[in-house]
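Asks: I have a structure I would like to understand better, so I am pasting it below and will then ask my questions one at a time.
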Amino acid sequence: MALYFSRSKIPSKGTCFLHLGLYVYSAAFLKRFTKLERTPLEVVEGLEQLRALEQGYRIRVVEVESESWGIDTPEDLERFRENQWIKNLSS
């Protein structure tokens with residue numbers, strides 16, 4: 001289960017993991033979550049997952065074998081699409 005999320009490296013030394021976020025929520029949880037006020041850690045880190053952790057909800061994490069694309073903006077999506085097109089040409 002997740003203990004914390006950060007945009008900074010945790011721990012600052014030693015082994016750390018890249019965060020690849022795929023979140024699955026029930027409709028009931030989303031209704032509750034959207035009514036919760038933003039929490040201090042969420043505001044500081046800019047990560048809504050911390051709101052759930054600070055409110056006592058658990059977030060399960062798993063280790064995966066490879067990295068993935070981060071698509072957080074329309075520009076990220078466009079870069080992904082362009083790169084996939086290049087990959088398809090070389091296949």
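Each reported figure results from applying straightforward, stated rules to the coordinates on display, with no laboratory input. Keep in mind it's a predicted model, so treat the numbers as computed, not measured. Every residue, glycine as well, gets a Cβ built from its backbone with ideal geometry; the counts of neighbours run over all protein chains shown.
Asks: Where does the charge balance sit around D76 when Lys and Arg score +1, Asp and Glu -1, over other residues with C-beta under 15 Å from its C-beta?
Replies: -3
Asks: Run the numbers for K13 and R38: contour at 0.36 nm per residue of separation, minus the present Cα-Cα distance, in nm.
Replies: My answer for the length gained is 6.0 nm.
Asks: Taking GluC sites (Glu not before Pro) as candidate sites, keep only those in a DSSP loop with at most 12 other Cβ atoms within 10 Å, then name the longest stretch of the chain containing none of them.
Replies: Between the exposed loop sites, the longest stretch runs 1-36.
Asks: While we're here: Below 15 angstrom from the Cβ of A52, what's the summed charge of the other residues (Lys, Arg +1; Asp, Glu -1)?
Replies: Neighbour charge sum, excluding A52 itself: +2.
Asks: Quick one: Debye curve from the alpha-carbon atoms of the chain only, equal weights, vacuum; give me log10 I(q)/I(0) at q = 0.10, 0.15, 0.16, 0.19 Å⁻¹ to two decimals.
Replies: -0.38, -0.78, -0.86, -1.07
Asks: If you don't mind, another one. With charges set only on the Cβ (+1 for Lys and Arg, -1 for Asp and Glu), what does the dipole of the chain come to about its Cα centre, in debye to the nearest 20?
Replies: 340
Asks: Would you work out which of Y4, F17, A28 lies farthest towards the positive end of the dipole of the chain, given +1 charges on the beta-carbon of Lys and Arg and -1 on that of Asp and Glu, about the Cα centre?
Replies: A28
Asks: Hey, another quick one. Scan the range 1-71 for chymotrypsin sites (Phe, Trp or Tyr not before Pro) in coil per DSSP, keeping those whose Cβ has at most 16 other Cβ atoms within 10 Å, and list them by number.
Replies: Listed in order of number, the matching sites are Y4, F17, Y23, Y25, Y57, W69.
Asks: Right, another one. Can you give the helix-only mean residue ellipticity at 222 nm for the chain, where every DSSP H stretch with n ≥ 4 adds -39500 (n - 2.57) and the sum goes over all residues, rounded to the nearest 500 deg cm²/dmol?
Replies: -11000 deg cm²/dmol
Asks: About the Cα centre of the range 41-83, what is the dipole size in debye to 20, counting +1 per Lys and Arg Cβ and -1 per Asp and Glu Cβ, all else neutral?
Replies: So the dipole magnitude of the range 41-83 works out to roughly 260 debye.
Asks: Oh, and also: Where does the charge balance sit around L22 when Lys and Arg score +1, Asp and Glu -1, over other residues with C-beta under 14 Å from its C-beta?
Replies: -2
Asks: Which value, in debye to the nearest 20, describes the size of the charge dipole of the range 7-53 about its Cα centre when Lys and Arg Cβ atoms bear +1, Asp and Glu Cβ atoms bear -1, and nothing else is charged?
Replies: It works out to roughly 40 debye.
Asks: I want to check the label-to-label distance for M1 and W69. Put each point 7 Å from Cα in the C-beta direction and report it in nm to one decimal.
Replies: 3.5
Asks: Can you give me the angle between helix 74-90 and the longest principal axis of the chain, using Cα atoms only, in degrees from 0 to 90, rounded to the nearest 10?
Replies: Compared with the principal axis, the helix lies near 40 degrees.
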